[in-house]
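Notes follow once the structure below has been shown.
The values are calculated or read from the model by the stated rules, or taken from the named source; none is laboratory data. Computed from a prediction, not measured in an experiment: that's the story for all the values here. Positions of Cβ are generated from backbone atoms using ideal geometry, with glycine treated the same way; all protein chains shown enter the neighbour counts.
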Amino acid sequence: MARGKKKVEEVKNELNFKAPTINDLEVIIRPVITEKSMNLMQSQNKATFEVSKNANKIQIKNAVEKIFKVKVEKVAISNVIEKQTTRGSRYKGVISGYKKAIVTIATGEAIDLFKE
């Protein structure tokens, strides 16, 4: 290849580029259990999870499929912003933000978050 642009793969190989990897158990932090998420779970077969801030849809899908052994059809992600709080007039604080994933599960399958 004469003078010109290099391919992306060549540049990555020259720099020994390694994409950061994340473990499946590090992707899902905890389930989000609210009245709205429980209604979604019962009516539309969707589960809601708090996930790692640097996780993408593919990683979330693979993690849910491996951990809960279900087939995932769709993943929707939203960032929940942090909120300022005040208790009385003296105490001020911040509720930290997080990344939330709403996972649509295939029909006929379910995730049991309340195992006994």
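Quick look at the values:
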quantity: Every residue from segment 64-76 that is under 9 Å from the mean Cα position of the chain (by Cα) and either loosely packed, with under 15 Cβ neighbours inside 10 Å or under 13 Å from Ile111 (Cα atoms) (or both); calculated: Ala76
quantity: Unique match (being outside any strand (DSSP E or B), touching a helix residue (DSSP H, G or I) at 6+ places or on another chain (Cβ under 7 Å) and surrounded by 15 or more Cβ atoms within 10 Å (Cβ to Cβ)) among Ala47, Ala55; calculated: Ala55
quantity: Filter result for Asn13 (modelled with pLDDT of 85 or more and surrounded by 10 or more Cβ atoms within 10 Å (Cβ to Cβ)); calculated: no
quantity: Condition check for Val8: modelled with pLDDT of 90 or more and of a type in the set (Val, Ile, Thr); calculated: no
quantity: Test: residue in segment 17-40 that is modelled with pLDDT of 80 or more, of a type in the set (A, V, I, L, M, F, W, C) and part of a loop (DSSP other than H, G, I, E, B); calculated: yes
quantity: Total residues in segment 77-116, condition charged (D, E, K, R), in a loop (DSSP other than H, G, I, E, B) and exposed (fewer than 10 other Cβ atoms within 10 Å of the Cβ); calculated: 4
